[in-house]
1. Working only within segment C:101-111, note down all residues that are open to solvent by 10 Å² or more (accessible area, probe 1.4 Å) and within 10 Å of chain A (Cβ to nearest Cβ).
2. Look at segment B:35-45 and say how many of its residues are under 26 Å from A:A98 (Cα atoms), open to solvent by less than 50 Å² (accessible area, probe 1.4 Å) and facing another protein chain (nearest Cβ under 10 Å).
3. I'd like to check something: does segment A:699-713 contain any residue that is assigned to a loop (DSSP other than H, G, I, E, B) and hydroxyl-bearing (S, T, Y)?
4. Condition first: assigned to a loop (DSSP other than H, G, I, E, B) and surrounded by 13 or more Cβ atoms within 10 Å (Cβ to Cβ). Now tell me which residues in segment A:533-562 satisfy that.
5. Of the residues A:V610, A:V623, A:V601, A:V614, which is open to solvent by 10 Å² or more (accessible area, probe 1.4 Å), of a type outside the set (D, E, K, R) and in a strand (DSSP E or B)?
6. Looking at segment B:158-167, which of its residues are surrounded by 22 or more Cβ atoms within 10 Å (Cβ to Cβ) and under 30 Å from B:C44 (Cβ atoms)?
7. Identify the residue in segment C:19-44 that is in a helix (DSSP H, G or I) and open to solvent by 40 Å² or more (accessible area, probe 1.4 Å) and, among all such residues, is farthest from the other protein chains (Cβ to nearest Cβ).
8. Scan B:A117, B:A102, B:A123 and give me the residue that is within 28 Å of B:E12 (Cβ to Cβ), small (G, A, S) and within 11 Å of the chain's Cα centre (by Cα).
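The values are calculated or read from the model by the stated rules, or taken from the named source; none is laboratory data. All values reported here derive from a predicted model rather than from experimental measurement. For neighbour counting, all protein chains shown are included, and Cβ atoms are generated from backbone atoms with ideal geometry for every residue, glycine included. To get the accessible areas, we keep the full protein, side chains included, count just its heavy atoms, and leave off ligands, DNA and RNA. Shrake-Rupley method; radii C 1.70, N 1.55, O 1.52, S 1.80 Å.
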Amino acid sequence: MTGQSLFINDVQFPDMLYAATVRAPKPHIRIQSIDDSAAKKLPGVKGIYYAKDVPGDNRVPLVFQDYPFLAGNIAKFQGQAVGLVAAEDPATARRAAAMVKIKYKELPAVFDALEAMKKKSPKIYGKDNIFKKFTVKKGDIKKARAEIEVEDTFTVNYQVHAYLETQGAIAVPRDDGGMVVYGSMQCPFYVQDAVAKVLGETYNKVTIIQQTTGGAFGGKEDVPSIVCGHAAMLARLTGRPVKLIYSREEDFQSMSKRHPGWARIKYGATKKGKIVSCKVKYVLDGGAFATLSPIVLWRGTVHASGPYEIDNVIIETYAAATNKVPCGAYRGFGQPQISFANESLIDMLAGKLNMDPSRLREINAIKKGGTTATNQKITESIGLHKTMALAKKSVGWSKKWKKPSLKKGVKKYGIGMASSIYGVGLGAGGQHLAKSGSFVQIEPDGSALIAVGNTEMGQGARTVLSQIAAETLGAPYELVDMMPTDTSRVPDSGPTVASRTTVMSGTSVMNACKVIRARIDEVVRKELKVKGKVLSENGFYKIGNKKAPYAEIIARCWAERVHLSHAGWFRVEGTTFGEKDGQGNPYFVYTWSTMIAEVEVDTETGLVEVLNFVSAHDIGKAVNPREAEGQIQGGGLQGIGYALLENLVIDNGRMMNPNFTGYIIPTIEDSPDIKPIIVEERYPKGPYGAKGLGEPPLICAAPAIANAVYNATGKRIKDLPLIPERVKCA
Amino acid sequence: MKKFIRIKSLAELGKLREKCVFLAGGTDIYVALNDGALEDEVLCDISSLKGLDKIELKGKNINIGALATFASIAKSPVIKKYAACLAEAAATVGSPQIRNRATIGGNVANGSPSGDAIPALYALGAVIKTNLRSVPADKFFTGPKKTVLKKNELITGISIPGKNNKSFFSKIGPRKALAISKVSTAVSLVISGGLIREAGIAFGAVGPTVIRAAETEKFLKGKKLNKAVISRAAKTAAGEICPIDDFRSTAKYRRETAAVIIERALRKAL
Amino acid sequence: MRVSFKINGKKVTLDAAPEARLLDVIREDLGLTGTKEGCSKGECGACSVIVDGELVDSCIFPVAQAEGREITTIEGLSPGGKLHPIQKAFINEGAVQCGFCTPGMVLAAKALLDKKSNPSDADIKEALSGNLCRCTGYTKIKSAVKKASQNGERGRTKKR
């Protein structure tokens, strides 16, 4: 804002070296030899290092540990890190990296997930190129009495996070042999794990501090483990601080992406529109290494039949290996892809039933007491119908929706809707991570600091968690602040992902604050000389009509040496997922969403203009409504970009548009005003009733737009993105 | 980059020994430099050449200095009056930041088939002036990023015959700003007595260079502009271009939308 | 090469490689790290600064061409820590999320409002079209610029 915030590239250390990465030149190679003699002679080059130089374990500690920090003999995608250069300035480091000559033999490669799963394809992972497979089976699909069926195949392309700040880290050797790493990241504890492994060091010698992070959206979940691991390795090997900042191109080429996907879905329904069966086959293209694909796939699997009550469901899902950049976490985590498929098909079913598609959704939407595809009974906090009703009312759906056949002219108006169910937090797929630590301390002057294991990355965690602390402590909000996240301050709190921060860190902070507040309340009673419940309001504590200022009470507490700090803890229990049939309670609570898009399609050019976009979410409680709106608008526009513009092209393993010139994200000129609608169906176990919000605003944006384009033109596009080349030719 | 020099007068051009890459606003050159290209080149900064940023009406001609920026071209009253399609094209180049720096001389010298100013220059019958000679715009480009410019020959300006014309520019890009054209077109018509006396039509991003639709121009000459003529012209024009498939778009889409945007541009002249 | 210019009201003279980018001189030689690098291609606007009243991308601006000119970076907007009305509006409207695009975005708004104190919605969209933001969806940025212009207008009317 004022230019004072320090992002990682703004930080300097004395005697610092700069790093650059040597990368694989082709998608699948056996490295025969490497000639870096010329590069090493370049003045200012301090050293060039390879897999053999890794001080500790060369495996990045993610789900399967199949991804090496640096490729050994084999590199499996174009752009994979092979070597690291440390030099006195960034330009020299980059030049030296470009001068390293890798002699290689090209190996047979596979670039398509469905191809990869075929018997004859070259094998790059295990015997079948399948990283992971899941099945969900509810009821018996064969016994479902469907009167009408729809079935179709859908595909989606990559999405690139396009955070404005590229990846970066600085590693600084400690004088006791340990390492401090500062970086742009979401998950400092993943990084701590990675740095400890790559250095062969114990965790207590490794401190990770999150630097102000310039956008993440999932893109700084797992891959900073690699970037920080590289910086730490170079710092260890050179004995000097090392800064590693990615160029935009290498960030595109080597960092994680939203998975491309393929899905075939079939819905069966009665003539009255009750959906009785759903069959899904869903395949994600994981890229060259498993990274987070197994758990991205799991989230997609659990939600694959949509937010509907369906008695007979079978879902089969696969994540397959290909010789392309590894895909990982991106806002929505496996859900936007399958949401595009199932919400498009719901519209097609409505068409076949000759029914308003919003009506079909209302008939089948999960209600209180209903069950999900995993047979989880939803007993509380279910605002799906409300999101539908409010979104429809906001746009005037009932007056505007007409059948496509009634549209005329070159420029055609269309309106479309989509809904989603979203399990908050990591769920059964990540139960071992479902914990959260915090530390809260009130200082003698009344200011309070909170430390948590989750990170601020622009999504508003700092504001929301400070609000929760202020509210619970009875402290004025201005006096509360959240510290930069530092692994030495709080215990491993899991990752900052899956819209879990408000519930997890929020509850942990609230728990810590409650303990401190009880001690403060004792002092308040003593000071006011009355018994009873202590309330707080506008900087005062009060009992009945007697009150005392916050500052005075805190001073009193310190004078009496009351303990005004506490370490909070929160963990989630009881999420389940059956290994064989996928039945159980995968998440503790769900966020429910409905989006409606109004578009104008120029049928001659295929250009789609989004005229209006309404996005309604049941989030339990908006702790800070303005921040919540910001999440809805920002996620919504990423969804609109995903739907219409963003088209990463990889041709035989080579990325054709690894930059903002070729990969098109929306500018302000391409952006409609996005209208947020917040529904608050309290979640009693969440902090002040809150659930989670970060991811849902993106999930069903693309199908809402695709449905609107269909409504305008009468032509169904089954492949994302809806670039004009497809809209015009469809 | 090997060396950075700066010239302050055109007279210094003749004294240059080494082959130079000329630098004006830097919006193309610095992108290349940041990419690690141009390592063996000598950069010659021409931004302090005096008087080369002027836009003026001289006699019957509009003279635009090579250093005129797209921002200044887009808002120039003279250009808006006599070369509206160029003003419209200038206003769609890149972003405000780019338009404040990018020069018309640089856009022409870069010679990209998707350079937005170039179709307008073709349609308006512009002449590219260098320190050595004058070359009609449609004879200036020889291939993608290739021009007739010889070693250290510098574009000094553009001259456009001032006519009582109607002219329009239209482009289709992947988004509304910061967009490289998938297809663009510029049209200039001189109409008097209800008949088209002169027609200039060109397309960008649908061939190795910007393409002049000579057949279509010939077809339109002497005709009365009406819906049937326009639709026939659009069809003819679509046959005169040779677009390709690349990661930005497809040949099919480019060909079909070229016909759409030329038809719409011509309709504006009705 | 020796180059002199005025930056945030202060005259500076320094030695730089003639082909150096203005961005690097601002960030490294002058230590003003509020100007960010997002793409190195003039495609994202994170490095935007104002030169003689015009918004430019400093990542593709040769420092040699800054000679004798007047430059404003984000640090020049709030001397002594007092927030500029545009910065206040960005905060009040919730137009900042990760903050990486914000310096460039605020300067784009300033370049607009310095020329047009009461811009239309279309003016705002055009003026900010060279600055990418991936967090906010732009809705709150648009309203912040609108608010800043209204506050600015009121400020001027009051003075009269």
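1. C:C101, the sole residue that qualifies.
2. Looking only at segment B:35-45, we keep the residues that are under 26 Å from A:A98 (Cα atoms), and these are B:35-43.
Cutting the leftovers down to open to solvent by less than 50 Å² (accessible area, probe 1.4 Å) gives us B:36-38, B:42-43.
Still in the running and facing another protein chain (nearest Cβ under 10 Å): B:36, B:38, B:43.
Total satisfying the criteria: 3.
3. The initial filter retains those residues of segment A:699-713 that are assigned to a loop (DSSP other than H, G, I, E, B), namely A:700.
Retained after the next criterion (residues that are hydroxyl-bearing (S, T, Y)): none.
The answer is no, given that none of the residues of segment A:699-713 is assigned to a loop (DSSP other than H, G, I, E, B) and hydroxyl-bearing (S, T, Y).
4. Filtering segment A:533-562 down to residues assigned to a loop (DSSP other than H, G, I, E, B) leaves A:533-534, A:538-539, A:544-545, A:560-562.
Matches in segment A:533-562: A:V534, A:G539, A:V562.
5. The match here is A:V610.
6. Looking only at segment B:158-167, we keep the residues that are surrounded by 22 or more Cβ atoms within 10 Å (Cβ to Cβ), and these are B:158, B:160, B:165, B:167.
Of everything in segment B:158-167, those that are surrounded by 22 or more Cβ atoms within 10 Å (Cβ to Cβ) and under 30 Å from B:C44 (Cβ atoms) turn out to be B:I158, B:I160.
7. Narrowing segment C:19-44 to residues in a helix (DSSP H, G or I): C:22-29.
Within this subset, residues satisfying the condition of being open to solvent by 40 Å² or more (accessible area, probe 1.4 Å) are C:24, C:28-29.
Details: C:D24: 10, C:E28: 9, C:D29: 13 Å.
Checked segment C:19-44; the qualifying residue farthest from the other protein chains (Cβ to nearest Cβ) is C:D29.
8. On the way: B:A102 fails: within 11 Å of the chain's Cα centre (by Cα); B:A123 fails: within 28 Å of B:E12 (Cβ to Cβ).
The unique qualifying residue is B:A117.
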